[in-house]
Amino acid sequence: MLSDKVLAELNEQLNREMYSAYLYMAMSAHAKNAGLNGFANWFMVQYHEEMFHAMKIYEYIQQQGGKVELKAIQQPPADFESPLDMFKKTLAHEQFITRSLNNLMETAIAEKDHATQIFLQWYITEQVEEEDNDNEIIHQLEMIQDHPHGLMMIDRELGSRAAHVPTDFSKGLEAAEAPAA
Ligand code: FEO
């Protein structure tokens, strides 16, 4: 069972994960237009990760008998100055998400909601990895300082990233997460 407060914040977090997906989709589109197909791939994989994060919350609210409330998704920016700008904005956004999850955890603790605390642990661990990945790519981009050859190499590396999360939720999250037969 979810308290009204925890439910409201979970629905808010669901919206933030959807916005995250939208933001990375916008970055993927921008990178594609700039001819940076590897960056476009990386951000599209990130889009899928965020959709998975959103779906996990969606499923959890329903499992707990709560009401999913879908709110309007904010419009993301369409233009970015450079690949470095995109990754700096990605890191800033992920830091915002980390703070948001920390606040949600505080609420779950205050409400003595142990199930939600356990549920949120996965997200909090995931944030450490996300911020670490962003920092690493920012570091690489700062080292090459827009040098075309270096940029090409990073683009190639980011092009090899593959989605390791389910992407088809037509039969629900559990079926999507089940290993393929
Ligand atoms: Fe859903 Fe990028 O954290």
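Things to note:
- Qualifying positions in the stretch 27-41 - assigned to a helix (DSSP H, G or I) and either in contact (Cβ under 8 Å) with a residue 24 or more places away in the chain or under 20 Å from the mean Cα position of the chain (by Cα) (or both): Met27, Ser28, Ala29, His30, Ala31, Lys32, Asn37, Gly38, Phe39, Ala40, Asn41
- Put simply, of Glu49, Glu59, Glu94 the only residue that is in contact (Cβ under 8 Å) with a residue 24 or more places away in the chain and open to solvent by 30 Å² or more (accessible area, probe 1.4 Å) is Glu59.
- Residue match in the stretch 4-21 (condition: of a type in the set (Asp, Glu), away from the ligand (no atom under 14 Å from the Cβ), open to solvent by 10 Å² or more (accessible area, probe 1.4 Å) and not in a helix (DSSP H, G or I)): no
- Hits in the stretch 108-134 (condition: within 16 Å of the ligand (Cβ to nearest atom) and either over 15 Å from the mean Cα position of the chain (by Cα) or not in a helix (DSSP H, G or I) (or both)): Phe119, Gln121
- Taking the criterion of being aliphatic (A, V, I, L, M) and under 20 Å from Phe43 (Cβ atoms), the residues of the stretch 129-174 that qualify are Ile137, Ile138, Leu141, Ile144, Leu151, Met152, Met153, Ile154, Leu158, Ala162, Ala163, Val165.
- Residue selection: Asp146 satisfies the criterion of being more than 16 Å from Tyr24 (Cα to Cα), charged (D, E, K, R) and at pLDDT below 95.
The values are calculated or read from the model by the stated rules, or taken from the named source; none is laboratory data. Predicted model, so just to flag it, every value in this text is computed and none were measured. Because the Cβ atoms are built from the backbone with ideal geometry, glycine has one as well, and the counts that use them run over all protein chains shown. What goes into the accessible areas is simple: the full protein's heavy atoms, side chains included, and nothing from ligands, DNA or RNA. Shrake-Rupley method; radii C 1.70, N 1.55, O 1.52, S 1.80 Å.
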